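The values are calculated or read from the model by the stated rules, or taken from the named source; none is laboratory data. Keep in mind it's a predicted model, so treat the numbers as computed, not measured. Every residue, glycine as well, gets a Cβ built from its backbone with ideal geometry; the counts of neighbours run over all protein chains shown.
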Amino acid sequence: MEKKKVKNIFVEGPISAAFIGESIAKHSSNTNIGAHSIFLGQVRSDVLGENVVQSIEYTTYAEMALEKMAEIREEIFAKHALTCMHIHHSLGIISAGEICLFVFTSSKRRRAAVDACTEVVERIKNELPVWGKEIFADKTHQWKENIL
């Protein structure tokens, strides 16, 4: 059995609105697609005690995370009638208000796109070795696992 190519989902820095818009626009020529579902994860400026989250620094074990993401991807395609799926997760320091996760699923019908998108987001959060270090306005920090 031929092993599928592992796609790199990680991008350094925040995910821009222009990138998201371009990704959506590229799909207008595929007239077999009837539905898209999009999830955007944004860094919150949470208040924890007396500290305010200014940014989150995301890190990962890339090789392990990408192998796991490839498994998740195959399972999602086997379960849902998708046309395509795109995932982009930020690494590095992402400021409050910036986008750190972009999941984009497409299918012929709405239900498959929505269900797949939801499942992918939950599985990323629960299964990928991605960590976030909350950086507070006073420059102290706190580690949290997968804090999307």
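Data table
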{"item": "Answer residue from the stretch 12-53, given it is at pLDDT below 95 and assigned to a strand (DSSP E or B) and is nearest to K133 (Cα to Cα) among those", "result": "V53"}
{"item": "Boolean, I94 is within 30 Å of S28 (Cβ to Cβ) and in a helix (DSSP H, G or I)", "result": "no"}
{"item": "Some residue of the stretch 98-106 being in a loop (DSSP other than H, G, I, E, B), of a type in the set (F, W, Y) and either modelled with pLDDT of 95 or more or surrounded by fewer than 20 Cβ atoms within 10 Å (Cβ to Cβ) (or both)", "result": "no"}
{"item": "Residues satisfying the stated conditions in the stretch 73-128, i.e. over 19 Å from A62 (Cα atoms) and of a type in the set (G, A, S)", "result": "A78, A81, S95, A96, G97, S106, S107, A112, A113, A116"}
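Every residue, every condition in (1) under 30 Å from D138 (Cα atoms); (2) surrounded by fewer than 18 Cβ atoms within 10 Å (Cβ to Cβ); (3) touching a Phe, Trp or Tyr at 6+ places or on another chain (Cβ under 7 Å), yes or no:
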| position | (1), (2), (3) |
| --- | --- |
| G21 | no, yes, no |
| A25 | no, yes, no |
| T31 | no, yes, no |
| G34 | no, yes, no |
| V52 | yes, yes, yes |
| I56 | yes, no, no |
| H89 | yes, no, yes |
| I93 | yes, yes, no |
